[in-house]
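For reference, the structure discussed in these notes is given below.
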Amino acid sequence: MQFKKLKKENIMNSLNLNDLFKLKEILENKVVKNTDNISDNYQLAFLIMQLKPTIYDVERAYNLISPFIGLKIKKINRLNSIINLVLTNHKKTTNRNLDRINWSIYNKCPIICDGCYNDFRNKQLSILEIKEIVSKLKESKVMNITISGGDPLLWKDLYDFLEYTYSLGLQIGIDTVGFNLDKKLFFNENIKYIGLPLDSINKKIQFKMRKSRFDFLSNFKENMNMINQLNVAIKINTMASKINLHTLCILGEYLNDNYNNIFWSIYQWSPIRAKLFTQQEFEITIAQFEEEVFKLKQKFPNLNINSKNNEERSFNHILIQNDGTVITFGQFYGEVFYLGNILEDNLNDMINNPLISRQSTKFKSSIIFQ
Ligand code: SF4
């Protein structure tokens, strides 16, 4: 393990959790010997926040960085703002039941998106473990599961999973690239919606956003024709970045002219797992995002636009990864936070982790698509 690299990056992206816990131990020892090193204090505080923090851990993280808060160091200020958010949030805490959960259920995807949120963990859970988790979710009163990927349609156990969730009365949303979409998927009525990605109707722009050897738009049209004949809601997922922001209005016109009763979800492109050069190519500000979305909402009232910027999405999600680890996200690069393991840990503890926003839309049942 390259601790130097770990220390530099200080993130959980594709890194082994054991390594991160070991790094934390090493830093604990260093900080005991020297309490004045800004870098060590910051790294340790960040790791404490990243690894299943309790409210006492959050206070400890604050104590580690508090001597340096007045120094106007960007990283320290950002960590301080996360800590403040969590501490304020915690005061409002009451135990709540989670209504919906996101699950990256499979670790393969047929396309490549720059800035993909997925970690593609090596260990893929077996269908038996998956069923155990589904039962656990049901016991905890989770009623809606959104599965994504990789692409769930590539997963050999998908139908078994759907049968099982149907037998327990759970509702499923499926976010898929849609290359293998088949009518037989809808044999059970618990599929509440299908989410399909489309970021532009311009081939070059679409390819820049999601690299694929297939023709994205033709595939999208075929899928829309098929789903339209079934009684399933359709959600179009669009990431807004520097690459496609100026063309979203054209995409809106296309959707508006060709489809009825669709739900258009527009998300600000996220830099959480993207390297610096990708961030420079794709990243837009919240203000740029909101300005464009405002215009789109005015122009296309029939498209049921639901938009979320990165601040709104931060600490909102509880995401089960394909190996059973559970994480939530912040807003900026590297802000991935480990909440526990769904097979081993208590779900309620994860849901009520101080990092999770008490205003998280996942607690509400009235909104279908979030
Ligand atoms: S479709 Fe989803 S899982 Fe696949 S690369 Fe894109 S963001 Fe990642």
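Every number in this text was worked out from the coordinates using simple rules, so none of it is lab data. All figures in this text were calculated on a predicted structure; none of them were measured in a lab. Please note: Cβ atoms are built from the backbone with ideal geometry, for glycine as well, and neighbour counts cover all protein chains shown.
Could you work out how far helix 158-167 tilts from the main Cα principal axis of the chain, as a 0 to 90 degree angle to the nearest 10?
Helix 158-167 sits at roughly 90 degrees to that axis.
Counting other beta carbons within 10 Å of each Cβ, put Leu303, Leu170, Leu251 in order, fewest first.
Leu170, Leu303, Leu251
Over the range 3-91, calculate the relative contact order: mean separation of alpha carbon pairs under 8 Å at least 6 apart, over the residue count, as a percent.
It rounds to 22 percent for the range 3-91.
How high is the relative contact order of the chain, given as a whole-number percent (alpha carbon pairs under 8 Å, six or more residues apart)?
Dividing the mean separation by the residue count of the chain yields 20 percent.
Let me spell out the model: positive unit charges on the Cβ of Lys and Arg, negative unit charges on the Cβ of Asp and Glu, origin at the Cα centre of the range 293-337. What dipole size does that give, in debye rounded to 20?
In debye, rounded to 20, the range 293-337 gives about 420.
Residue by residue, what Karplus-based ³J(HN,Hα) values in Hz, rounded to whole numbers, does the range 171-176 have, using 6.51, -1.76 and 1.60 with θ = phi - 60° and x for Gly and Pro?
Result, rounded to whole Hz: 9, 10, x, 10, 9, 9.
Can you sort Cys116, Cys109, Cys249 by how many other beta carbons sit within 10 Å, fewest first?
By the 10 Å Cβ count, ascending: Cys249, Cys116, Cys109.
Can you tell me the 0 to 90 degree angle between the C-alpha axis of helix 216-228 and the longest principal axis of the chain, rounded to 10?
Approximately 70 degrees, to the nearest 10.
Enumerate by residue number the trypsin sites (Lys or Arg not before Pro) in the range 144-207 meeting two conditions: DSSP loop (anything except H, G, I, E, B), and at most 11 other Cβ atoms within 10 Å of the site's Cβ.
Filter output for the range 144-207: Lys156.
For a quick check: with amide H placed at 1.01 Å from N, whose amide H comes under 5 Å from Ile191's, ignoring anything fewer than 5 positions away on the same chain?
Ile172
Could you size up the charge dipole of the range 90-180 around its Cα centre, putting +1 on the beta carbon of Lys and Arg and -1 on that of Asp and Glu, and report it in debye to the nearest 20?
480 debye
Once both axes come from the Cα atoms, what is the angle between helix 55-65 and the longest principal axis of the chain, in degrees from 0 to 90, rounded to 10?
Helix 55-65 sits roughly 60 degrees off the main axis of the chain.
So what are the range 3-91's ellipsoid semi-axes, whole angstrom, largest first, if each one is the square root of 5 times an eigenvalue of the alpha-carbon gyration tensor?
Calculated on Cα positions only, the semi-axes equal 19, 16, 12 Å.
Per q in 0.15, 0.19 Å⁻¹, report the Debye log10 I(q)/I(0) for the range 150-254, using one uniform scatterer on each alpha carbon and no solvent.
-0.66, -0.97
For a quick check, take a GNM of the chain with Cα springs below 10 Å and name the residue from Val86, Val32, Val177 with the largest mean-square fluctuation.
Highest fluctuation among the options: Val32.
Cut-off is 10 Å between beta-carbons; in what order do Ile320, Ile250 appear when sorted fewest neighbours first?
Ile250, Ile320
Using a 10 angstrom cutoff on alpha carbons, build the Gaussian network for the chain and name the most mobile of Leu319, Leu255, Leu230.
Of Leu319, Leu255, Leu230, the most mobile in the Gaussian network model is Leu230.
What size of dipole, in debye to the nearest 20, comes out for the chain about its Cα centre when the only charges are +1 on Lys and Arg C-beta atoms and -1 on Asp and Glu C-beta atoms?
Dipole size: approximately 620 debye.
What 222 nm value per residue comes from the helices of the chain, counting each DSSP H run with n ≥ 4 as -39,500 (n - 2.57) and dividing by all residues, nearest 500 deg cm²/dmol?
Helices in the chain give a 222 nm mean residue ellipticity of -12000 deg cm²/dmol.
Semi-axes, largest first, in whole Å: what does sqrt of 5 times each Cα gyration tensor eigenvalue give for the range 100-363?
So the equivalent ellipsoid measures 28, 23, 17 Å along its semi-axes.
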